[in-house]
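The next block holds one structure in the form of structure tokens; read it before the comments.
The values are calculated or read from the model by the stated rules, or taken from the named source; none is laboratory data. Given the structure is predicted, the values throughout are model-derived calculations rather than measurements. Because the Cβ atoms are built from the backbone with ideal geometry, glycine has one as well, and the counts that use them run over all protein chains shown.
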Amino acid sequence: MNLKARFSRRKRRPTVTVGAVPGQMVAHEGSVRGRIRVIHYDSKTHTDQTVESTKDLQVHARKRGKSDPVALDESKTKSESPNQPPPIPAKAGNDVTWINVDGVGDVVMLKEISKMFGIHPLAMEDVINVHQHAKLEFYGDTMFFVARMPVAGDVEGAEFETEQVSIFLIDGMVITVQERPGDCLDPVRNRIANKLGRIRRRHADYLAYAIIDAIIDGYFPVLEHYGHKLDAAGAMLESANDRRLPLHLHEIRSDLLQVRKVVNQHRLAMNDINQNETDLITGDTALYFRDCQDHVQQLIETADTDRETCGELRELYFAMLGEKNNDVMKVLTIIATLFIPMSFVAGIYGMNFDSEASAMNMPELHWAFGYPFALGLMGLMAGGLLVFLYRKGWLS
């Protein structure tokens with residue numbers, strides 16, 4: 001494919017303003033305005049609702065003791081309006097709330113959420129600047145995890161791309177912020193809605209694990225896709241005539257390098273989770289986080305294996321191409337070798353000696369069969385060379 005078109009689609013890091021105020025939240029061009037979805041559940045009940053305003057989240061902020069009384073009154077007035085959905089009720093006990101925001105273009109909304117739930121401004125700055133690598137940070141009683149979720153390319157041959165998912169784990173609550181709508185978290189939502197597995201009986205830390213695990217598992221189909229590409233490239237090696245194959249292998253290897261880089265960042269972040277002792281993660285859930293780290297290690301090993309396979313296919317292609325070129329040169333060399341004695345004979349009888357001046361000056365020129373004799377001599381010498389080359393094994 002066109003290299004210029006390929007690299008023009010590469011996501012570039014936005015220009016950083018020198019001397020900018022730390023914690024400043026500025027939406028970047030092309031950012032999608034956010035939409036809020038709230039899932040609230042415990043072992044018996046489950047609600048899933050899209051809310052229109054951050055004021056509808058006050059009931060969950062009040063549960064954590066972070067709400068503003070004035071804002072609560074406004075929220076109550078608004079919720080009593082027939083045109084607005086009622087706020088999702090807060091429950092006591094081991095209930096869990098999952099607030100998901102699709103899009104980081106509405107800075108005002110994100111600031112309100114930040115103040116409402118006591119999220120540090122530096123963390124929210126990382127939420128807005130969606131080019132962060134996977135990492136783990138703690139801000140007081142809040143765990144902040146940045147994950148890179150793989151997304152499908154928009155055109156055939158597009159390079160590997162990811163989008164940022166910011167995950168906040170607060171006591172009894174998980175807040176996720178994504179770059180844009182669409183994710184790989186529907187299996188998690190389905191498990192919550194249909195009481196599949198143990199997620200409805202667990203706390204918020206298990207929900208955070210389930211979200212991170214779903215994002216990590218999203219890389220297995222990506223590597224499987226590149227595995228199929230390598231299989232197809234291996235089939236193309238049978239002819240070694242496709243000049244696009246080296247470029248195709250280079251693109252695959254470049255994408256695998258990016259996959260490996262991103263997955264390795266998750267490995268470091270997961271290692272930080274497993275090494276940090278925090279009250280936000282219970283001992284039982286820590287076991288699942290370690291299992292998630294094992295998945296990351298499997299991904300790294302698979303990416304490394306595919307990269308080595310890609311390099312081996314590339315080397316094999318050039319080896320086969322070199323062998324093919326050697327065969328061509330071999331044929332040309334044999335042809336040239338056969339004509340060397342012929343050229344020698346033709347050169348001798350092409351000399352302009354006067355045969356009338358001396359009987360020793362090429363008497364063959366006056367023979368009746370001089371020309372057939374010269375041709376026969378050439379053929380005999382060429383045939384002798386062929387027999388010699390054959391016995392040496394140079395014609396096989």
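Can you find a residue in the range 303-323 that is part of a helix (DSSP H, G or I) and farther than 21 Å from LEU245 by Cα?
Of the residues in the range 303-323, the ones part of a helix (DSSP H, G or I) are 303-323.
Among the residues that remain, those that are also farther than 21 Å from LEU245 by Cα are: none.
No, every residue in the range 303-323 fails to be part of a helix (DSSP H, G or I) and farther than 21 Å from LEU245 by Cα.
Conditions tested, residue by residue: (1) within 20 Å of the chain's Cα centre (by Cα); (2) basic (Lys, Arg); (3) at pLDDT 95 or above.
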site	(1), (2), (3)
GLN178	yes, no, no
LYS229	yes, yes, no
MET236	no, no, no
ALA240	no, no, no
ARG243	no, yes, no
THR282	no, no, no
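Is it the case that LEU287 is farther than 23 Å from ILE175 by Cα, modelled with pLDDT of 90 or more and hydrophobic (A, V, I, L, M, F, W, C)? Full working, then the answer.
Numbers: farther than 23 Å from ILE175 by Cα: no; modelled with pLDDT of 90 or more: yes; hydrophobic (A, V, I, L, M, F, W, C): yes.
So LEU287 does not fit the description; no.
Looking at this structure, is LEU321 at pLDDT 95 or above and of a type outside the set (Val, Ile, Thr)? In short, no. If you go through the range 196-219 and pick out every residue that is without any contact (Cβ under 8 Å) to a residue 12 or more places away in the chain and more than 14 Å from TRP98 (Cβ to Cβ), you end up with 3. Confirm whether ALA382 is small (Gly, Ala, Ser), part of a helix (DSSP H, G or I) and touching a residue at least 40 places away in the same chain (Cβ under 8 Å). For ALA382, the condition - small (Gly, Ala, Ser), part of a helix (DSSP H, G or I) and touching a residue at least 40 places away in the same chain (Cβ under 8 Å) - is met. Per the listing GLU137, GLU161, GLU125, GLU112, the residue uniquely surrounded by fewer than 20 Cβ atoms within 10 Å (Cβ to Cβ), closer than 16 Å to GLU179 by Cα and modelled with pLDDT of 90 or more is GLU125.
A single entry from PHE369, PHE388, PHE353, PHE373 fulfils the requirement of being under 17 Å from ILE340 (Cα atoms), of a type in the set (Phe, Trp, Tyr) and assigned by TED's automatic domain parsing to the domain that holds THR337: PHE388. For first residues located in the range 130-144 and farther than 16 Å from ALA204 by Cβ, partners that are among the basic types (Lys, Arg) and lie 6+ apart or on another chain with Cβ distances below 6 Å form the pairs HIS131/ARG13; ALA134/ARG148.
Of all residues in the range 140-157, those being modelled with pLDDT of 90 or more and of a type in the set (D, E, K, R) number 1.
Here's the yes/no breakdown for (1) modelled with pLDDT under 85; (2) among the charged types (D, E, K, R); (3) surrounded by 16 or more Cβ atoms within 10 Å (Cβ to Cβ):
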position	(1), (2), (3)
GLN297	no, no, no
ARG307	no, yes, yes
ILE334	no, no, no
SER343	no, no, no
GLY350	yes, no, no
GLU364	yes, yes, no
